[in-house]
Amino acid sequence: MWTRVATGPVLLLCLLAGCSPPAAPPVPSAPSPSIGLDTAVLGTVVLGTDMAWAQLTLALNERALKTFSLVRDRAADARLVTLAGELADSHNQENARLKALLRQIGAPAENPHTGHDMPGMATADEVTSMSAARGAAFDQLFVDSLRKHLTQCQNLAHSMLESGKLPDALALATAIESARGQALTRLPDRAAP
Amino acid sequence: MKRAPLRIAAAALMLVASTLVMANPASAVIKVAEFPADCPFTHRLPDDPIVFPNLPGGSHSHDFMGNRTTNAFSTLSSLQAGTSNCNPSIDISSYWVPTLFNNNVAIAPSIATFYYLGEGVRADITARIQPFPLGLRIVAGSAAAQGPEGSRARWSCLHAGQVPPSGNFVTCPAGTQLESYLDFPQCWNGTTLDSADHKSHMAYPVNQACPATHPVPVPKLRQVIRWPVNGNPAGFRLASGNGYSMHGDFFNAWPVAAQAQRVRDCINAIVKCGANGQPI
């Protein structure tokens, strides 16, 4: 059973003295006399994996949503229309949870991965090609793109489960890993050339 | 009559002595605060232990230099257990940049030099520059920049200084190499080795001094990368986008004493040193 860590933003950085509840941004003190010692844990980002996973998944989802919106008016295969509709709903719900998680973590307001191409995402050019396609040609482009998105999300969620720390993030990663795996089983087989 | 040969001999002796003094002056050093680490390309992965820790494959492609072991799971301890191809080999830090592609073919850097400099701040501040703390992470430039805003990229051509530097890729003459210069922030907040956005714990100087928010002066890392490409840059792209998105990552794992010696003898003393930390 997961327990909530805190209701307010969780301190992202644990200073050498240990984690304490965040207040105002820390005032830099005089240079630490321990500069010469191994300061490996001094102010490293404790929730780095959780934050990176949530930011990246959110960015991946937002890019995928752009492709889902193209399906209804272009697809030949009715199953894809159904799938895209369901995925759009589930991705929107996930995004709300991801944003709440990022606020909980105390991540910066701006997602550093929004708006530029990351592995697993349909590139801007690919979205343009999909927009212009119709019927079976569209289906092929969409399924290929969707497979990459689903696979990357699944891989990232799996890595998150191995290394993440925040219970709420781990719970969401569990749900997303499972959902992506399920969606992958619903992809039509590759159409005949 | 007999004094003339004596005077001639004395004059000759003084001439020889002064020639010897001129040939071996008390200080023959070059007065530039600098020491280098030459760290060639080692490996390529879609990993980033600073921005995507423990998320292998989450990043665009990076070319790694220096430490041979760097991947998504790297920590200071794991780097310290690794080896490096840097000259000097004791620098087991990890340096990485986005992969450069030419017509979708990945091109590894041919030369990668990391200069540790004392310039950029007043001389009295240079004199008290401190070594990078163990485990410090620094990100320079902006992977998201696709135009001048937010970009720190500077592209030019090795052996073709007549080509004006630009924030995006440039056309280098045949026989020369595309090169990138990138200066890292040189003022540290003194308390944390990283930050939530991986940038806020470092700052660039303002008016040749470190701001009050980031009061500790550390070396200015200048990343100079060359690639064996030239000509029409239309086919060039970085894994992060166009040339404006050039960036660099540094994960410090220098043994404390080795870096401290160089900072003291080369940067604080304003002496140009070689990779061995000795005056050139």
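Quick rundown of the values:
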| quantity | calculated |
| --- | --- |
| Sole residue being hydrophobic (A, V, I, L, M, F, W, C) and either under 30 Å from B:Gly147 (Cα atoms) or over 14 Å from the mean Cα position of the chain (by Cα) (or both), chosen from A:Ala122, A:Ala96, A:Ala100 | A:Ala122 |
| Enumeration of residues in region A:115-163 that are touching a residue at least 60 places away in the same chain (Cβ under 8 Å) and within 14 Å of chain B (Cβ to nearest Cβ) | A:Met118, A:Gly120, A:Met121, A:His149, A:Gln152, A:Cys153, A:Leu156, A:Ala157, A:Ser159, A:Met160, A:Ser163 |
| Residue selected from region B:74-102 under the condition within 9 Å of chain A (Cβ to nearest Cβ) and either more than 19 Å from B:Val139 (Cα to Cα) or in contact (Cβ under 8 Å) with a residue 40 or more places away in the chain (or both), by the criterion least open to solvent (accessible area, probe 1.4 Å) | B:Leu76 |
| Tally, over region A:43-86, of residues that are of a type in the set (Asp, Glu) and crowded, with 17+ Cβ neighbours inside 10 Å | 3 |
| Residue match in region A:58-74 (condition: in contact (Cβ under 8 Å) with a residue 40 or more places away in the chain and not in a helix (DSSP H, G or I)) | yes |
| Meets criteria (at negative phi, open to solvent by less than 20 Å² (accessible area, probe 1.4 Å) and of a type in the set (D, E, K, R)) for B:Asp265 | no |
| Selected residue [within 14 Å of chain A (Cβ to nearest Cβ) and surrounded by fewer than 20 Cβ atoms within 10 Å (Cβ to Cβ)] from B:Ala239, B:Ala212 | B:Ala212 |
| The lone exception for B:Gln259 - which of (1) assigned to a strand (DSSP E or B); (2) open to solvent by less than 10 Å² (accessible area, probe 1.4 Å); (3) within 13 Å of chain A (Cβ to nearest Cβ) it fails | (1) |
| Members of region B:48-72 found to be on the phi < 0 side of the Ramachandran plot and away from chain A (no Cβ under 11 Å), listed by number | B:His62, B:Asp63, B:Phe64, B:Met65, B:Asn67, B:Arg68, B:Thr69, B:Thr70, B:Asn71 |
| Residues located in region B:41-73, provided they are more than 17 Å from A:Ala157 (Cα to Cα) and either of a type in the set (Asp, Glu) or open to solvent by less than 10 Å² (accessible area, probe 1.4 Å) (or both) | B:Ile50, B:His62, B:Asp63, B:Phe64, B:Met65, B:Gly66, B:Asn67, B:Thr70 |
| Long-range neighbours under 8 Å by Cβ, at least six apart or interchain, first residue among the hydroxyl-bearing types (Ser, Thr, Tyr) within region B:164-179, second open to solvent by 40 Å² or more (accessible area, probe 1.4 Å) | B:Ser166/B:Arg154; B:Thr171/B:Asn230; B:Thr171/B:Asn232; B:Thr176/B:His159; B:Thr176/B:Asn230 |
| Pick from region A:90-113, criterion among the polar types (S, T, N, Q) and free of Cβ contacts under 8 Å to residues at least 40 places away in the same chain, ranking: least open to solvent (accessible area, probe 1.4 Å) | A:Asn95 |
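The values are calculated or read from the model by the stated rules, or taken from the named source; none is laboratory data. Predicted, not measured: the structure shown is a model, and the values here were computed from it. Heads up, the Cβs are rebuilt from the backbone with ideal geometry, glycines too, and the neighbour counts pull from every protein chain shown. Note: accessible area is taken over every heavy atom of the protein model, side chains too, but ligands, DNA and RNA are not part of it. Shrake-Rupley method; radii C 1.70, N 1.55, O 1.52, S 1.80 Å.
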